[in-house]
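Following: one structure in structure tokens, then a few remarks.
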Amino acid sequence: MNPGGRQILAVRPRCRSPGRFPAIRKLAYAALAVASAAAPAAEAPGTTVAAATAATLPDVVVSATRSEQRRFDAPAAIDSVPVDPLRSATPLVNLSEVLAGVPGVAVRDRQNYSQDLQLAVRGFGTRSTFGVRGVRLYVDGIPATMPDGQGQASTADLANASRVEVLRGPFAQLYGNAAGGVVQVFTPDPPTDGFTGRASTGLGSDGQWQAGVALAGGNDRLGGSLDAWTYQTDGYREHSAARRYQLNARVVAQPASGTRVSGQFNYFNQPLAQDPLGLTRAQAEANPRQAVAPATQFDSGKTVEQAQAGVVVDHQLGGTDSLSARLYGGTRKLYQRLGFSGAAPTSSGGIVDLDRTYGGAALSWSRRTTTAAGLPLLWSAGLEANGMRDGRNGYVNQDGTQGALRRDETDTATDLGAFAQFDWTWHPAWQLVGGVRASRVRLGIADHFVNAASPDDSGHASYGNVSPVLGLVWHALDSLNVYANLGRGFETPTLTEVAYGPGGAGSNLGLQASTSRQGEIGIKWQAGRQRLEAALFDADSHDEVVPLSNNAGRTVYQNVSGVRRRGLELGWRGGFLDEVGTPGQGGGSRIEAGLAYTWLDASFGDGFVNAQGQAVAAGNRLPGSARHSLAADLSWRPAAPLTLGAELRADSRVYADDLNTQAAPGYAVINLRAGYAWRIGPTRLYLFGRIDNLTGRRYLGSVIVNEANGRYFEPAPGRRFFIGLRAAL
């Protein structure tokens with residue numbers, strides 16, 4: 001994957017050693033209504049689910065060097081998580097369901113669909129109180145992160161994904177602003193030999209219900225796919241109900257030899273997402289299901305409607321050169337009721353009404369050749385431009401209804417970038433990789449609501465950075481790779497963080513971008529069905545953005561220096577007790593197990609004064625980050641149709657504030673799952689069920705970092721279940 005789109009290249013030779021789109025919404029609802037009538041194509045008799053999956057989910061990645069290669073050979077810490085609806089015993093609604101077993105990644109389902117997931121990579125992104133910060137998101141080559149660095153994970157279509165890649169470490173910096181890590185979701189190409197389809201439904205605790213349909217077909221020149229799904233829940237806590245609808249379409253064409261055109265359209269509608277707000281520690285211990293009074297008084301929550309279209313073109317120029325281009329655009333409408341009135345003259349209001357348009361384009365070139373010694377050499381370079389424009393209004397929240405205007409402005413952000421990268425195997429056992437990216441980000445505010453109580457917040461700021469990366473890989477053995485990388489990156493403040501100046505006067509466009517220096521050393525070993533990976537990393541950041549003050553709903557931010565993130569990642573996966581007779585695969589494993597452990601030491605190197613005017617001591621831990629995280633899973637196939645599994649998730653204590661006075665205690669939970677796959681004639685079916693938090697443990701699943709009212713904690717659900725059925729006919 002490159003910034004200009006997806007490249008389909010040969011694997012590198014292994015060296016030794018609210019209602020703005022009514023027509024679309026009606027189409028989505030209609031598709032969901034006929035989910036049970038989906039008619040997929042039949043597979044050849046005798047093909048097992050495991051064999052079909054292995055044939056379509058190769059262990060390849062594209063994020064590190066922007067060309068397809070084996071995950072084992074990638075010169076960086078990277079994971080590729082396969083997603084197959086006919087083997088995944090989970091609803092496939094949130095990224096937290098598939099990324100929990102990736103070392104270095106902290107992803108927490110807050111059970112709050114008004115605020116999205118909390119997603120952090122190696123401690124980058126922990127400060128975000130809503131959305132995703134510090135981590136770049138992509139879906140099929142199209143950015144899901146805006147130019148100012150704020151992203152949304154909720155629009156990813158996991159129900160129809162084929163894999164999710166997570167790139168960690170210095171090489172993520174080549175993706176530009178806020179690239180503490182890169183998460184990319186890939187959907188499968190349409191079939192080239194007929195028609196396929198799938199229908200699914202499921203239900204679970206707390207009023208969960210899901211249904212969906214996926215249809216696809218084509219030939220070797222033209223293919224298309226369409227999927228639609230819905231998910232709804234009453235919520236674990238009071239005032240936390242949500243409803244979601246999503247429609248995705250994709251067309252892949254090969255009009256000429258060496259040319260591939262991929263077009264996509266995505267529609268996401270969330271007409272209901274209540275926000276129960278955070279709880280104090282005492283409130284969470286007394287009744288974890290409760291919502292605080294302001295949540296119901298002001299009807300806190302939001303509605304979202306987003307539509308996006310994009311096209312990616314890949315063209316092969318002869319045998320060595322290729323071009324890739326990307327063009328996309330979209331709109332997003334958000335209406336959010338916050339948990340306060342915002343009636344004060346100096347406030348920006350307790351209701352946010354945002355109307356966004358965004359888009360971008362990119363072009364990249366790659367050359368795959370060999371040196372005089374016949375060893376591989378890959379060059380790539382590219383340009384990209386992304387922009388967004390927000391019409392943002394704020395109103396008084398009169399107990400859940402819209403009141404007087406308190407904010408009216410137009411916010412803009414643009415991101416221009418250029419990169420160059422190489423991958424040079426200069427010796428059969430040695431590989432040198434490197435690159436550089438130049439980025440320019442511009443933020444602008446045009447304030448249209450100016451009076452004696454509301455000063456003019458207009459202004460603009462520009463941020464520039466050059467991010468070099470250099471790495472070395474030693475192919476010590478056919479089964480062992482050792483690598484080391486160094487790099488530098490940056491992260492600009494978001495439009496939200498520059499909105500208000502100190503003392504409530506003007507904007508805060510003088511806020512600086514954070515810069516970081518990163519390094520890592522890692523090993524990768526694999527033999528047979530066993531795979532082991534480990535990495536040590538160290539990142540020093542300067543001008544980190546943290547809160548300075550909060551007044552009448554206006555949070556002001558400041559820069560602090562000396563933030564350090566260092567740690568250890570360890571990942572292992574293996575298979576035991578081989579099966580025999582799996583067609584085309586030579587067998588599988590009756591027992592498969594995995595382990596992911598992360599030790600993260602993230603702390604402030606310098607002291608500073610926080611939003612409450614209190615001194616934060618040097619050495620305090622970065623809030624939102626656990627020192628120890630562990631994920632383990634075990635799958636057992638006692639018989640070919642049946643799979644049983646268990647999962648362990650554990651985190652150590654997580655501080656909620658910069659002072660380190662409030663914390664969510666450590667916890668460990670066990671989940672159980674089961675799946676049963678069988679056929680009725682040409683129909684493949686998969687019945688699954690799961691029990692999460694088997695022991696019903698009470699714990700605080702996430703924290704709201706530096707929450708201004710002291711309500712830092714979001715309790716996780718107790719014991720809950722989900723049962724689902726998926727069919728491919």
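Residue-level check: of (1) crowded, with 22+ Cβ neighbours inside 10 Å; (2) modelled with pLDDT under 95; (3) part of a strand (DSSP E or B); (4) not aromatic (Phe, Trp, Tyr), residue 349 misses just (3).
Considering the conditions (1) modelled with pLDDT under 50; (2) out of contact with any Phe, Trp or Tyr (no Cβ under 7 Å at 6 or more places or on another chain); (3) over 30 Å from residue 568 (Cα atoms), residue 85 is excluded by exactly one of them, (1). Taking each residue of segment 220-242 that is under 19 Å from residue 154 (Cα atoms) and looking for partners that are among the basic types (Lys, Arg) and part of a strand (DSSP E or B) with beta-carbon atoms closer than 6 Å, six or more apart or interchain, yields 231/244; 232/243. If you check 424, 379 for being part of a strand (DSSP E or B), under 29 Å from the mean Cα position of the chain (by Cα) and aromatic (Phe, Trp, Tyr), only one passes: 379. Could you tell me whether segment 97-110 includes any residue that is closer than 19 Å to residue 304 by Cα and assigned to a loop (DSSP other than H, G, I, E, B)? Yes, segment 97-110 contains at least one residue that is closer than 19 Å to residue 304 by Cα and assigned to a loop (DSSP other than H, G, I, E, B). Does residue 636 satisfy being surrounded by fewer than 16 Cβ atoms within 10 Å (Cβ to Cβ), of a type outside the set (Ser, Thr, Tyr) and touching a Leu at 6+ places or on another chain (Cβ under 7 Å)? The answer is no for residue 636. Might you let me know whether segment 124-135 holds any residue that is within 22 Å of residue 534 (Cβ to Cβ) and assigned to a helix (DSSP H, G or I)? Within segment 124-135 (the criterion being within 22 Å of residue 534 (Cβ to Cβ) and assigned to a helix (DSSP H, G or I)), the answer is no, since none of the residues qualifies. Just to verify a result, which residue in segment 160-198, among those that are modelled with pLDDT under 90 and of a type in the set (A, V, I, L, M), is nearest to residue 133 (Cα to Cα)? Out of the qualifying residues, it is 178. Would you be able to say whether some residue in segment 508-518 is surrounded by fewer than 16 Cβ atoms within 10 Å (Cβ to Cβ), within 25 Å of the chain's Cα centre (by Cα) and of a type in the set (A, V, I, L, M)? No, the conditions are met nowhere in segment 508-518. How many residues does segment 582-596 hold that are in contact with a Pro (Cβ under 7 Å, 6 or more places away or on another chain) and at pLDDT below 50? Of the residues in that region, 0 qualify. Of all residues in segment 684-707, those being surrounded by fewer than 17 Cβ atoms within 10 Å (Cβ to Cβ) and among the small types (Gly, Ala, Ser) number 1. Would you confirm, using the coordinates I've provided, whether residue 250 is basic (Lys, Arg), modelled with pLDDT of 95 or more, under 30 Å from residue 201 (Cβ atoms) and surrounded by 18 or more Cβ atoms within 10 Å (Cβ to Cβ)? Taking the combined requirement at face value, the residue satisfies it.
Here residue 664 fulfils each of the conditions (1) touching a helix residue (DSSP H, G or I) at 6+ places or on another chain (Cβ under 9 Å); (2) within 18 Å of residue 124 (Cα to Cα) apart from (2).
The condition (being modelled with pLDDT of 95 or more, over 21 Å from residue 80 (Cβ atoms) and not in a loop (DSSP other than H, G, I, E, B)) is satisfied by just one residue among 644, 570: 644. The condition (being basic (Lys, Arg) and under 14 Å from the mean Cα position of the chain (by Cα)) is satisfied by just one residue among 108, 127, 70: 108.
Each residue in segment 189-200 was checked for being surrounded by fewer than 18 Cβ atoms within 10 Å (Cβ to Cβ) and either among the β-branched types (Val, Ile, Thr) or within 13 Å of residue 90 (Cα to Cα) (or both), and 1 pass.
Take segment 365-403 and flag every residue that is in contact with a strand residue (DSSP E or B) (Cβ under 8 Å, 6 or more places away or on another chain), at pLDDT 95 or above and polar (S, T, N, Q). Within segment 365-403, 366, 380, 386, 393, 397, 402 qualify. Determine whether segment 648-669 contains at least one residue that is over 26 Å from residue 713 (Cβ atoms), surrounded by 15 or more Cβ atoms within 10 Å (Cβ to Cβ) and either in contact with a strand residue (DSSP E or B) (Cβ under 9 Å, 6 or more places away or on another chain) or of a type in the set (Ser, Thr, Tyr) (or both). No.
Residue-level analysis places residue 473 among those that are at pLDDT 90 or above, over 24 Å from the mean Cα position of the chain (by Cα) and part of a strand (DSSP E or B).
Take residue 370 and tell me if it is of a type outside the set (Gly, Ala, Ser) and touching a helix residue (DSSP H, G or I) at 6+ places or on another chain (Cβ under 8 Å). Judged against the criteria, residue 370 is not a match.
The values are calculated or read from the model by the stated rules, or taken from the named source; none is laboratory data. Predicted model, so just to flag it, every value in this text is computed and none were measured. In this analysis, Cβ positions are derived from the backbone assuming ideal geometry, glycine residues included, and neighbour counts consider all displayed protein chains.
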